[in-house]
Each structure stands twice: as C-alpha cells, then as structure tokens.
Number of protein chains: 2
Amino acid sequence: VKKDEWEQYKLHIVSENNFPTAAGLASSASGFACLVYTLAQLYGIKEQYPGELSQIARQGSGSACRSLYGGWVKWEAGVKADGSDSIAVQVAPEEAWPEMEILILVVSSHRKPIGSTDAMQRGVQTSDLLRLRAEQVVPARMARMEKAILSKDFDSFARETMQDSNQFHATCLDTYPPVFYLNDVSKQIIHVITRYNQFNNDGSAAEHLKAAYTFDAGPNAVIYAPRQYVGEILGLVNHYFPGVATSTTPVAPSEALVKAIGMEPNAGALERIIHTRPGPGPQILDASESLIGENGLPKSLAQ
Amino acid sequence: VKKDEWEQYKLHIVSENNFPTAAGLASSASGFACLVYTLAQLYGIKEQYPGELSQIARQGSGSACRSLYGGWVKWEAGVKADGSDSIAVQVAPEEAWPEMEILILVVSSHRKPIGSTDAMQRGVQTSDLLRLRAEQVVPARMARMEKAILSKDFDSFARETMQDSNQFHATCLDTYPPVFYLNDVSKQIIHVITRYNQFNNDGSAAEHLKAAYTFDAGPNAVIYAPRQYVGEILGLVNHYFPGVATSTTPVAPSEALVKAIGMEPNAGALERIIHTRPGPGPQILDASESLIGENGLPKSLAQ
C-alpha cells in the first residue's frame with residue numbers, strides 16, 4: 001500500500017486507549033490529539049502556521065490542543081475572534097525537569113454525571129468568579145508557573161498548582177446549578193497532602209512542599225512530586241487508602257506523621273495508581289505493534 | 001432582688017442551647033446575641049447610637065450582630081476604620097413574608113474540623129476570589145436580595161440564595177489550604193433540590209423555583225420554601241434520606257419526579273430536621289421559665 005493511494009481512501013479509524021475514559025483525566029484530549037496527529041501524518045500535512053494542528057485539535061476537545069506536544073505545555077487563550085491564535089505552546093521539553101514524577105490516584109472510573117464541556121459552558125454563562133478568575137488571576141499565575149517550571153522551583157510550582165486546582169473547582173461550585181467534581185475521597189487526599197507538606201521531620205510547622213495535588217474535571221488526584229519523596233507518598237497512600245498495588249517500594253509513614261495527619265484509613269477508596277512522569281507528545285509506533293493486521297485491515301475487523 | 005443592687009453583682013452566667021453547636025448553624029451567633037441582649041437588659045443599657053448593641057455583639061462572633069433583630073436582617077459592612085458602622089439592620093420584620101417556611105436538615109453534629117473564624121481569616125489572607133466576590137459581586141446581590149424579600153419574589157430570592165451559598169463555599173475552596181464545609185450528603189441535598197426545581201408537573205424543563213438551599217459553615221442544609229411546597233419537600237427528604245421524623249405530613253414524590261431526580265436513597269444520612277420560620281429576635285421569657293431556681297441560684301447549681 002503506497003501513501004499517495006491512501007489519499008483516495010475512505011478511512012476506518014480504530015482507537016484504543018489504556019487510560020480511564022470520561023473520568024476527568026483528559027482521555028478525550030489524548031484521543032483527539034492522537035487523531036489529528038495521525039491524520040496529519042497519514043496525509044503528509046505540514047502546518048501552514050505554527051500551531052495549526054493544535055488549533056484543529058482544540059476544536060475536538062479544548063485541552064487536546066496541548067496534547068500534541070511533549071513535556072510542559074501551555075494553552076494560550078489568544079485574542080482573535082476566529083480563535084486561530086488559541087493554541088498550545090511548549091514551555092519546556094519533557095527532559096527539562098528530570099526529578100519530577102507523577103502519581104495519578106484513580107478514585108473512581110464511574111462516568112462523570114456531567115460532561116466537562118457542558119459544565120464549562122454553564123460556568124461561563126453563570127459564574128461571576130469564573131470570569132473574575134480568567135481576567136484577574138490566571139494571566140499572572142501563568143507567568144509565575146512558567147517561571148517556576150523553567151527554574152525547577154518546586155515550592156512555587158506546587159503552591160501555584162494546588163491553588164489553581166482549588167480555584168478551578170471553586171468556579172465549578174460557583175456555577176449554577178453547581179458542578180462538583182471533588183468527592184469525599186478527593187478531599188481526604190487533599191488533607192493528607194496538606195498535612196504531609198506541613199509536617200517537618202525537625203518538628204517545625206513551617207510548610208515545606210514535597211508534593212502538589214491537582215484535580216481536573218473528576219475526583220481523581222494527580223500528584224506531582226520530586227522523585228525523592230515518591231516512596232514516602234506511596235507509603236501514605238498505602239496507609240490511608242490501602243488495597244491498591246504501588247509501583248515503587250512504599251516508605252511507611254512515621255508515627256509522628258500519622259499523628260499529624262489524624263485521619264482514619266479509607267480502604268478500597270482507590271481503584272488504581274498510575275505512576276508516570278512528563279513524557280513526549282504523540283509517537284508513531286513500530287508497524288509490528290500496529291493495530292492494522294497483515295491483510296491491511298484493522299485487526300479488530302479481521303477476526 | 002432589686003435591679004439597682006444587681007449592678008454591683010459579679011455575674012454567674014448560665015447559658016443553655018437547644019440547637020446543634022459548632023455545626024455551622026450560627027449557634028455562636030445566637031449565644032453572643034443573647035448574652036449582649038441580656039446584659040443590656042440587666043443593666044438597663046440604652047443604645048447611644050442605633051446599632052451599638054449589634055456592634056458589641058459582632059465582636060463576640062461576627063454574625064451575632066444580626067441575631068439581635070427578628071425577621072430579615074442584613075449586616076452592613078461599614079466603611080469606618082474602627083468598625084463602629086459595621087452593624088446589622090432589619091430589612092423586614094418576621095411577619096413580612098408569612099408564607100415562608102424553613103427546614104434545617106441536620107446532616108451531622110460532629111464538630112467542624114476548623115472553626116469558622118480561623119477559616120475566614122485564612123480566606124481573607126489567601127483567596128483571590130473572596131476579595132473579588134466581596135468587591136464585585138456582593139454589593140449588587142445584597143440590593144437584589146433586599147428587593148426580593150420586600151416584594152416577596154420567591155424566584156429571585158431562591159436563585160440569589162442558592163448562588164450566594166455556592167459562591168461562599170467556592171471561596172472556602174479557594175482558600176489555601178482549602179476549607180470544605182459541604183460533604184457528599186450536602187451535595188446530594190443540592191442535587192435533589194436542583195432537580196425538584198427543574199421538574200414541572202406539566203413535563204416542561206423550565207425551572208420553577210419551589211425551594212432554595214443554603215449552607216453556612218458546615219454540611220447542614222437550610223431549605224427555604226413557600227408553605228405550599230413544604231409537604232412535597234418533606235416527602236423528598238423522607239424518600240431520599242429516610243430515618244428522620246418529619247413535622248408535617250410528607251407528600252410522597254411521584255414516580256416521574258423520582259425518575260427525574262435519579263439518585264439512590266441514603267438512609268441514615270440525616271440526624272434531625274428542624275422545621276421553623278422567620279422569627280423574632282431575643283425574647284425575655286417568663287420568670288417561671290427561668291433558669292434561676294427559687295433559692296436565687298441557677299437551677300444547674302442547685303442540684
């Protein structure tokens with residue numbers, strides 16, 4: 001099969017996903033970014049301006065515009081009425097902050113009661129705080145966050161991350177009728193991370209940030225942490241949310257830390273832990289791993 | 001015992017309360033208002049300017065400034081540096097809106113994990129949205145709310161009430177570290193009231209407001225409703241949160257309404273229902289109902 005013939009083909013697209021879908025973990029962003037990237041590769045499309053593909057992906061799912069790039073990516077709102085400058089830009093490549101690790105605590109893979117696009121539109125229509133946040137808070141935070149990433153300043157990065165997550169969920173609550181993505185398990189995770197950050201081995205109460213939580217449009221937590229703390233964090237997860245396998249050896253929390261956290265364990269509250277780190281953008285896999293069978297048809301049709 | 005002699009007395013104060021304390025139901029407001037009012041009565045104090053007692057009560061617990069009056073009361077922020085004009089003013093007396101009834105759904109009488117004064121101060125220090133709300137949202141809402149009360153416009157009153165409650169809790173979430181007062185039962189109550197308001201017997205989806213929820217610094221719901229809907233609302237409470245006694249005969253929800261609400265019942269989630277209506281301010285009880293025993297000592301000491 002030659003590429004120039006493909007341009008005449010009608011397409012049968014097979015999409016597979018190893019990530020929880022519709023759980024507020026940007027599965028639609030990964031899917032639309034992958035689709036746009038793959039079609040562009042298939043047809044040999046070159047961008048006519050930087051970010052053209054990002055802008056196309058954005059129309060499938062807003063955050064898909066970011067998923068076309070690896071590493072640390074920002075989505076610029078843009079100012080043009082046609083949205084053509086509302087695109088994503090890479091802030092730093094994936095290898096820029098090698099100590100950074102990510103733990104995704106999957107609280108529930110139940111479908112969200114409301115899709116995030118609907119909720120977001122209702123928020124724009126009804127939340128005064130969403131408007132005030134967009135106009136008066138986000139631009140300065142974006143600049144601080146970019147600086148924190150480029151200078152690998154974890155304290156600033158962590159505080160901005162947690163405050164931005166809290167504020168996003170605040171605007172969901174300010175939507176009418178309100179939208180709730182965080183549930184009681186999410187709040188327990190926030191409590192554990194907050195107390196862990198407030199706990200110092202020297203006994204002082206000064207905050208030393210070792211982990212940052214963030215929640216997208218769902219109850220699942222994404223925890224950012226420097227590698228040196230991942231064992232301790234998994235130890236806390238093991239202690240407070242027992243019943244899920246951990247990737248790295250967990251370091252059991254000290255009695256003093258357990259006392260400082262002061263919360264009862266909640267067994268079975270988590271479904272799964274995904275341990276990852278900042279990675280690359282879309283990748284073309286080896287044809288031997290392809291979803292296309294030897295007869296040129298998708299394997300899913302060939303059975 | 002004559003009053004002029006009392007002025008020389010050292011006081012032994014006995015305070016009793018039939019309301020859940022430290023549960024976000026303004027128990028401290030009622031207590032401080034009662035204390036200030038009673039001391040003023042005891043010593044025969046006349047206000048030197050309108051609101052003087054309100055201003056004194058405010059120093060015990062902010063919202064106590066309102067509890068000195070009956071009916072519908074607003075707390076004016078004031079502009080003076082010494083706070084002397086930060087006082088409460090009655091908007092309308094308790095008999096102004098006779099159809100209005102109030103159901104307090106007591107979700108839990110566990111103590112709050114954080115006192116509301118601490119949380120409020122942390123909010124002022126760390127929440128951008130709290131500042132923006134105070135400056136840019138609340139003044140216009142206060143004016144709309146006052147107008148809705150005076151014109152007995154339940155649709156406006158209910159929408160402003162629910163949006164203001166949501167926005168208050170949004171600013172708690174925007175506090176760093178975040179403060180959560182609503183729990184999963186609170187969210188279920190919000191869901192039931194939202195769907196009940198969206199449900200029309202004629203099958204249309206246009207919102208018709210029959211009830212308004214509001215939550216103070218705790219998980220307990222305060223539901224405002226015109227009397228004609230109280231039976232239906234108690235029927236919903238009975239259906240979705242079975243296990244508590246209801247004051248009025250509940251009207252069981254129709255199958256169509258249950259289907260529209262689409263939620264599993266949560267038995268045992270409520271502890272108690274308090275059914276009340278806008279009432280008067282502090283009252284002097286008949287001496288025969290007094291807490292003071294025949295020997296002139298508090299009954300609690302006389303045993």
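Distances from A:GLU16 to the same residue in each other copy, label points 7 Å out along Cα→Cβ, in nm, shortest first?
Listed shortest first, these distances are 7.3 nm.
Mind checking the dipole of the protein assembly as shown: about its Cα centre, +1 per Lys or Arg Cβ, -1 per Asp or Glu Cβ, Debye to the nearest 20? Numbers along the way, then the final one.
Details: 52 positive and 66 negative charges, 7 e Å.
With Lys and Arg at +1 and Asp and Glu at -1, about 40 debye.
With a 1.4 Å probe and all protein chains left in place, how much of the accessible area of the protein assembly as shown comes from carbon and sulfur atoms, in whole percent?
On the way: 16880 of 32090 Å².
Roughly 53 percent of what the probe reaches on the protein assembly as shown is carbon or sulfur.
Partner chain Cβ atoms within 10 Å, averaged over the residues of A:177-185 - can you pull that number for me? All intermediate terms of the calculation are to be shown ahead of the outcome.
On the way: counts 11, 12, 1, 6, 0, 5, 3, 5, 1.
Across A:177-185, the average partner-chain Cβ count within 10 Å equals 5.
In percent, how large is the relative contact order of chain B, given Cα pairs closer than 8 Å and 6 or more residues apart?
On the way: 460 pairs, mean separation 62.7, N = 303.
About 21 percent, as a whole number.
What does the helix-only formula give at 222 nm for the protein assembly as shown: each DSSP H stretch with n ≥ 4 adding -39500 (n - 2.57), the total divided by the residues, and the result rounded to the nearest 500 deg cm²/dmol?
On the way: 22 runs with 240 residues, N = 606.
Calculated mean residue ellipticity at 222 nm is -12000 deg cm²/dmol.
With a 1.4 Å probe, what is the total accessible area buried between chains A and B, in Å² rounded to the nearest 100?
On the way: alone 17370 and 17380 Å², together 32090 Å².
For chain A against chain B, roughly 2700 Å² becomes buried.
Going by a ≥ b ≥ c, the root eigenvalues of the Cα gyration tensor, does region B:39-83 fall in the rounded group (a/c under 1.5), the prolate group (a/b larger than b/c) or the oblate group?
Values: a/c = 1.77, a/b = 1.29, b/c = 1.37.
Taking the square roots of the gyration eigenvalues as a ≥ b ≥ c, region B:39-83 is oblate.
Rounded to the nearest 20 debye, what is the charge dipole size of chain A about its Cα centre when +1 sits on each Lys and Arg Cβ and -1 on each Asp and Glu Cβ? Spell out each step's value before the answer.
On the way: 26 positive and 33 negative charges, 73 e Å.
For this selection, approximately 360 debye.
Could you tally up the Lys pairs in chain B with alpha carbons closer than 21 Å? Skip any pair fewer than 8 positions apart unless they're on separate chains.
Lysine pairs satisfying the spacing and distance rule in chain B number 15.
Place +1 on the Cβ of every Lys and Arg and -1 on the Cβ of every Asp and Glu in region B:210-274, take the dipole about the Cα centre, and give the residue among B:ALA212, B:ALA256, B:GLN228 whose Cα lies farthest towards its positive end.
B:GLN228
Mean separation of Cα pairs under 8 Å and 6+ residues apart, divided by the residue count of region A:189-265: what relative contact order is that in percent?
Values: 87 pairs, mean separation 19.4, N = 77.
Once divided by the residue count of region A:189-265, the mean separation gives 25 percent.
With a/c under 1.5 counting as rounded, go ahead and sort region B:179-246 into rounded, prolate or oblate using the C-alpha gyration tensor (a ≥ b ≥ c being the square roots of the eigenvalues; past the cut-off, prolate if a/b is larger than b/c, else oblate).
Prolate shape, in that a/c is at least 1.5 and a/b is the bigger ratio.
To the nearest 20 debye, what is the magnitude of the charge dipole of region B:1-84 about its Cα centre, counting +1 on the Cβ of each Lys and Arg and -1 on the Cβ of each Asp and Glu? Walk me through the numbers on the way to the answer.
Numbers: 8 positive and 8 negative charges, 26 e Å.
Once rounded to the nearest 20, the dipole reads 120 debye.
Any idea what angle helix A:227-240 forms with the longest principal axis of chain A, computed on alpha-carbon atoms, 0 to 90 degrees, nearest 10?
Approximately 70 degrees, to the nearest 10.
Kindly identify chain B as rounded, prolate or oblate by the Cα gyration tensor criterion: order the square roots of the eigenvalues as a ≥ b ≥ c, call it rounded if a/c is under 1.5, otherwise compare a/b with b/c, prolate if a/b is larger, else oblate. Spell out each step's value before the answer.
Values: a/c = 1.84, a/b = 1.46, b/c = 1.25.
Because a/c hits 1.5 or more and a/b exceeds b/c, chain B counts as prolate.
What full-extension length gain, to one decimal in nm, is calculated for B:ALA206 and B:GLN125 as 0.36 nm per residue of separation minus the Cα-Cα distance? Working shown, then result.
Numbers: separation 81, 0.36 × 81 = 29.16 nm, distance 4.05 nm.
Gain on stretching B:ALA206 to B:GLN125: 25.1 nm.
Solvent-accessible area per residue for chain A at a 1.4 Å probe radius, Å²? Please report the intermediate quantities before stating the final value.
Values: 16040 Å² over 303 residues.
Spelled out: the 1.4 Å probe surface of chain A, per residue, equals 53 Å².
Taking the dipole about the Cα centre of chain B, with the C-beta of Lys and Arg at +1 and of Asp and Glu at -1, give me whichever of B:GLN48, B:PHE180, B:ASN201 is farthest to the positive side.
The residue sitting farthest along the positive end of the dipole is B:PHE180.
How far apart are the A:ASN200 label points across copies, placing each 7 Å from Cα toward Cβ, in nm, shortest first?
6.1
With every protein chain in place, what's the accessible area of A:ILE284 (1.4 Å probe, Å², nearest 10)?
Near enough 120 Å² of accessible area.
When Cβ neighbours within 10 Å are restricted to other protein chains, what is their mean count per residue of peptide A:145-152?
Working: counts 0, 0, 0, 0, 0, 0, 0, 0.
Average neighbour count from other chains, rounded to a whole number: 0.
Helix A:27-42: angle to the longest alpha-carbon principal axis of chain A, degrees 0 to 90, nearest 10?
The angle comes out at about 30 degrees.
For the Cα atoms of chain B, what angle does the longest principal axis make with the long axis of helix B:138-150, in degrees from 0 to 90, nearest 10?
It works out to around 90 degrees.
The values are calculated or read from the model by the stated rules, or taken from the named source; none is laboratory data. If you're wondering where the values come from, they're calculated on a predicted model, not measured in any experiment. We place every Cβ from the backbone using ideal geometry, glycine too, and count neighbours over all the protein chains shown. Side chains are part of the model used for accessible areas, which takes the heavy atoms of the whole protein and leaves out ligands, DNA and RNA. Shrake-Rupley method; radii C 1.70, N 1.55, O 1.52, S 1.80 Å.
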